[in-house]
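J.: Before anything else, here's the structure in question.
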Amino acid sequence: MKDPIKEFYERHYAKLELTSHMLRRIKLTEEAIEKFAKNKESILEIGCGTGENLSYYVNKFHFKNAYCVEIASSADAEIRKKGITPFILDVNVSKIPLGDASIDVVIFEEVIEHLYNSDLIISEIKRVLKKGGILILSTPNLSSWINRLVLLLGYQPFSHDVSFLGGFGRLKFKDQTNGHIKSFTLKAMLDYLKYFGFNVVEIRGVEADGLSGFLTKIDKVFSRIPSLASHMFIVAENS
């Protein structure tokens, strides 16, 4: 029997086009590596797609060892072409086949909201990171200004889907969903990371994609306030 969740990611996330939101995250990730993890040797990305972004970081910062965890098996060949070692698995149920304290940097961006068992992957990230290693994480913000507004009006928040079949309860219905099944406020995420023994060293806000006109301008203003931004961007140290 085919796995509907795996099929969803094969269709929608194995190959993604760059958006303004993604470009902003790439810039923030560059800055985080430059500031907290320059001249390190090993990097792992959870949910790397075809490895485009990871390959860019590897070449820019000269990482010697690069690994990627990805659920979409269709991305395997493309990842290998870039000299990255792929692990095709579902992080909801599978552990990462890497040794303890073997990785300097883990990139975990826009993935945790897709997981029903994030406890396993966070504990695995904790395990494979070296002491003092860096986790770079981003995810939609449940308590963003736009989510607060649409919730007040009785609509489903943008950060959380109720089905893979469509955007039920949204301000504007779309057949395709984002596949988000878990949402964090900034406070919840900070508490969550602290529970697993991470020390947060930087918090930034990131604008959303999909807004237009004056909403885009408002979103850019609120991105300066991480607790109200559409997405949160967090750098944490494995303490």
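Nothing in this text is a laboratory measurement; each read-out follows from the coordinates by a stated rule. For clarity, every value in this text was computed on a predicted model and none was experimentally measured. Positions of Cβ are backbone-derived with ideal geometry, glycine not excepted, and every protein chain shown enters the neighbour counts.
J.: Could you tell me the largest-minus-smallest coordinate of the C-alpha atoms of the range 85-160 on each of the three principal axes, in descending order and whole angstroms?
T.: 49, 26, 20
J.: Separate question: Kindly identify the range 20-60 as rounded, prolate or oblate by the Cα gyration tensor criterion: order the square roots of the eigenvalues as a ≥ b ≥ c, call it rounded if a/c is under 1.5, otherwise compare a/b with b/c, prolate if a/b is larger, else oblate.
T.: It comes out oblate by the Cα gyration axes.
J.: What is the dipole size for the range 4-238, taken about its Cα centre, with +1 at each Lys and Arg Cβ and -1 at each Asp and Glu Cβ, in debye to the nearest 20?
T.: That gives a dipole near 460 debye.
J.: Distance from the Cα centre of the range 93-115 to that of the range 202-225, in angstrom?
T.: 27 Å
J.: According to the Cα gyration tensor, what semi-axes, each the square root of 5 times an eigenvalue, does the equivalent ellipsoid of the range 4-238 have, listed from largest to smallest in whole Å? The partial results should precede the final answer.
T.: Numbers: eigenvalues 153, 82, 57 Å².
In descending order the semi-axes read 28, 20, 17 Å.
J.: Quote to one decimal, in nm, the extra length available between S102 and A77 on full extension: 0.36 nm per residue of separation minus the C-alpha distance between them. Please list the in-between numbers first.
T.: On the way: separation 25, 0.36 × 25 = 9.00 nm, distance 2.43 nm.
My answer for the length gained is 6.6 nm.
J.: Taking H placed 1.01 Å from N in the peptide plane, check which residues at least 5 places from G133 or on another chain put their amide H under 5 Å from its amide H.
T.: Distant-sequence amide H within range of G133: N238.
J.: Shifting gears a bit: Of the listed peptides 97-104, 149-156, what is their order by residue-averaged count of other C-beta atoms within 10 Å, with the highest listed first?
T.: Taking the mean over residues of other Cβ atoms within 10 Å, the ranking is 97-104, 149-156.
J.: Now a separate question. Per DSSP helix of 4 or more residues, -39500 (n - 2.57); summed, then divided by the residues of the chain. What does that give at 222 nm, rounded to the nearest 500?
T.: -10000 deg cm²/dmol
J.: What does a probe at L171 reach in the range 195-239, counting residues whose amide N is under 12 Å from the point 7 Å along Cα→Cβ?
T.: In the range 195-239, the label zone of L171 (backbone N under 12 Å from the point 7 Å along Cα→Cβ) covers 210-219.
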